[in-house]
Amino acid sequence: MSKFLAIDFETANNAPDSACAIGLVRGENGKIVQEESFLIRPPSPEFFFTHIHGLTWEHVMDAPDFGLLWPDIAPLFEGVDFLAAHNAGFDSRVLKSCCSLHDLTMPHQEFTCTVKLARGMWEVRPTKLPNVAHFLGLDLNHHDALSDSRACANIVLAAERDGWSFDTGYDNVGERYIAIDQI
């Protein structure tokens, strides 16, 4: 069994550095061992996605920006084999942009995309997070960063119970469901 960190960002607008919330769930040896969520003050008060996640500038204006939050969350990245996200391309882009904006060193781990993992392991279609959560019987408050990252972590744990491992990471036709982006 692996050590991994499941990540989910919510963003204020279309800018990849506009993270306004983050959920982080650490899995180790087949179980969840730590859960954290934080509001983040994005660089701009422009919120276009309130209708999706319910967050507004007023919710986050007194929260730390990503650079100030980083010392609190960086230890969660230490010692993990990989990062996991549902639609990893999105979350890896947000992480990369937020780190770049605040001149922070990027975590070195690869992302495993749980969309690809669910398709490869169980042939789930469609593979939006609510669909996969329903398939696996997981509770989900979609677009709540902690709930989404917990569901993502539970997808990885279910895949590991069903024989998947990050080290091999292959489905039955030889397609690897690992990194969208190596960061």
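The values are calculated or read from the model by the stated rules, or taken from the named source; none is laboratory data. Everything quoted here is computed from the prediction, not taken from an experiment. Glycine gets a Cβ as well: all are built from the backbone with ideal geometry, and neighbour counts include every protein chain shown.
Filtering segment 67-90 to residues that are of a type in the set (D, E, K, R) and either within 15 Å of Ser37 (Cα to Cα) or touching a Ser or Thr at 6+ places or on another chain (Cβ under 8 Å) (or both) leaves Asp72, Asp81. Among the residues of segment 112-134, those identified as over 14 Å from the mean Cα position of the chain (by Cα), closer than 20 Å to Ala145 by Cβ and of a type outside the set (Val, Ile, Thr) are Ala118, Pro130, Asn131, Ala133, His134.
Pairs are defined by a Cβ separation below 7 Å, a sequence spacing of at least 6 or placement on different chains, a first member in segment 105-129 that is within 16 Å of Phe166 (Cα to Cα), and a second member that is among the polar types (S, T, N, Q); the pairs so defined are Glu110/Gln182; Phe111/Ser92; Cys113/Asn87; Val115/Asn87; Val115/Thr127; Ala118/Thr127; Arg119/Thr127.
Residues being touching a helix residue (DSSP H, G or I) at 6+ places or on another chain (Cβ under 9 Å), of a type outside the set (Val, Ile, Thr), part of a strand (DSSP E or B) and loosely packed, with under 12 Cβ neighbours inside 10 Å are entirely absent from segment 78-86. Candidates in segment 92-134 are the residues that are touching an Asp or Glu at 6+ places or on another chain (Cβ under 8 Å) and of a type in the set (Gly, Ala, Ser); of these, the one that is modelled with the lowest pLDDT is Gly120.
Per this entry, Phe47 is not counted among residues that are crowded, with 18+ Cβ neighbours inside 10 Å and either more than 16 Å from Asn13 (Cβ to Cβ) or touching a Gly at 6+ places or on another chain (Cβ under 9 Å) (or both).
Rundown of residues vs (1) buried (at least 18 other Cβ atoms within 10 Å of the Cβ); (2) more than 14 Å from Phe4 (Cβ to Cβ), yes/no style:
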{"residue": "Ala118", "(1), (2)": "yes, yes"}
{"residue": "Arg125", "(1), (2)": "no, yes"}
{"residue": "Leu129", "(1), (2)": "yes, yes"}
{"residue": "Val132", "(1), (2)": "yes, yes"}
{"residue": "Asp139", "(1), (2)": "no, yes"}
{"residue": "Ala145", "(1), (2)": "yes, yes"}
{"residue": "Asp148", "(1), (2)": "yes, yes"}
{"residue": "Asn154", "(1), (2)": "yes, no"}
{"residue": "Ala158", "(1), (2)": "yes, no"}
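Among the residues of segment 22-63, the ones that are farther than 25 Å from Asp103 by Cα and part of a loop (DSSP other than H, G, I, E, B) come to 7 in all.
Screening Ile73 against (1) surrounded by fewer than 19 Cβ atoms within 10 Å (Cβ to Cβ); (2) over 25 Å from Gly27 (Cβ atoms) leaves a single unmet condition, (2).
Among the residues of segment 2-24, those that are within 11 Å of the chain's Cα centre (by Cα) and under 16 Å from Glu110 (Cα atoms) comprise Phe4, Leu5, Ala6, Ile7, Asp8, Leu24. Of Gly137, Gly163, all but one fail to be at pLDDT below 95 and at positive phi; the exception is Gly163.
Restricting the first residue to segment 141-160 and requiring it to be more than 16 Å from Val115 (Cβ to Cβ), which pairs with a second residue that is of a type in the set (Ser, Thr, Tyr) and assigned to a helix (DSSP H, G or I) meet a Cβ separation below 6 Å and a spacing of at least six or different chains? Between residues of segment 141-160 that are more than 16 Å from Val115 (Cβ to Cβ) and residues that are of a type in the set (Ser, Thr, Tyr) and assigned to a helix (DSSP H, G or I), the close pairs are Asn141/Ser147. Once segment 87-111 is narrowed to residues that are surrounded by 15 or more Cβ atoms within 10 Å (Cβ to Cβ) and small (Gly, Ala, Ser), the residue that is farthest from the chain's Cα centre (by Cα) is Ser97.
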